[in-house]
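Right, one structure below, let's go through it.
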Amino acid sequence: MTTPPTTPFTGAVFIATSLDGFIARPDGDIDWLTRRGAQAGETGYDEFTAGIDALVMGRGTYEKALTFDTWPYPGRTVLLLSRRAVPGADPRVHVVPDLDSAVAALTAAGARRVYVDGGRVVQSFLAAGLIGEITLTTVPVLLGRGLPLFGPLPADVDLRHLRTRVLGAGFVQTTYAVGG
């Protein structure tokens, strides 16, 4: 992997996958996670989000967030990385068309720790060397097919294990620092 660009922020991922590495079914459904989520118990998500000052997500993740009872990111700077979303249509998000625009907007906002969410967004930030930490919660279910968390990369991405903990109902959460 090439040397990461110099940015004033650190990208952090906090995401769940099925045991076979999918973040959603092919149609974007995450019922396999929401049905079991409470069984995991305390996951550290609230502590994680308390430590971030901005979030960048893709359109699929945004559309999923719109189905929740309440907006899950009140008071946060939220960038929606999408070429199809209409800028200004939702005052809670700032639409950016590409990775360079997202980096520029995060830098201009003074972001220090950025929550990177959504499969393609995670893949793009990872390939660009913009992720510093990955917390991956593995759900004990095999989906067989779906939307993968990871995809092709320009080179190997070395990871350094920070911690692993077993949550309720067989959920396993592992945190890695990116860049061995």
Filter result (in contact (Cβ under 8 Å) with a residue 60 or more places away in the chain and more than 30 Å from Ala105 (Cα to Cα)) within the stretch 22-53:
Arg25, Pro26, Trp32, Leu33, Arg36, Gln39, Ala40, Gly41, Glu42
Just the residues that are outside any loop (DSSP other than H, G, I, E, B) and open to solvent by 10 Å² or more (accessible area, probe 1.4 Å), please, taken from the stretch 92-101.
His94, Val95, Leu99, Asp100, Ser101
Which one is modelled with the lowest pLDDT among residues in the stretch 154-179 that are among the small types (Gly, Ala, Ser) and under 20 Å from the mean Cα position of the chain (by Cα)?
Gly179
Search the stretch 147-173 for residues that are under 15 Å from Thr135 (Cα atoms) and pair each with any residue that is among the hydroxyl-bearing types (Ser, Thr, Tyr) and open to solvent by 40 Å² or more (accessible area, probe 1.4 Å) when their beta-carbon atoms are under 9 Å apart and the residues are at least 6 apart or on different chains.
Leu159/Tyr176; Arg160/Tyr176; His161/Tyr176; Leu162/Tyr176; Val172/Thr164; Gln173/Thr164
Could you please tell me which pairs satisfy a Cβ distance under 7 Å, a separation of 6+ or placement on different chains, a first residue in the stretch 71-92 that is within 13 Å of Met57 (Cα to Cα), and a second residue that is assigned to a loop (DSSP other than H, G, I, E, B) and not aliphatic (A, V, I, L, M)?
Thr77/Asp53; Val78/Arg92; Arg83/Pro97; Arg92/Trp71
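Quick check on this structure: which one of Ala89, Ala104, Ala85 is open to solvent by 70 Å² or more (accessible area, probe 1.4 Å), of a type in the set (A, V, I, L, M) and farther than 26 Å from Thr137 by Cα?
Criteria check complete, one pass: Ala89.
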Looking at the stretch 128-145, which of its residues are surrounded by fewer than 22 Cβ atoms within 10 Å (Cβ to Cβ), among the hydrophobic types (A, V, I, L, M, F, W, C) and over 18 Å from Gly21 (Cα atoms)?
Ala128
Of the numbered conditions (1) closer than 22 Å to Asp46 by Cα; (2) hydrophobic (A, V, I, L, M, F, W, C); (3) surrounded by 17 or more Cβ atoms within 10 Å (Cβ to Cβ), Val166 satisfies every one except a single condition; which is it?
(3)
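The values are calculated or read from the model by the stated rules, or taken from the named source; none is laboratory data. Computed from a predicted model, the values in this text were never measured in an experiment. Quick reminder, even Gly has a Cβ in these numbers, built from the backbone with ideal geometry, and neighbours come from all protein chains shown. Protein only, heavy atoms only, side chains kept; ligands, DNA and RNA dropped before computing areas. Shrake-Rupley method; radii C 1.70, N 1.55, O 1.52, S 1.80 Å.
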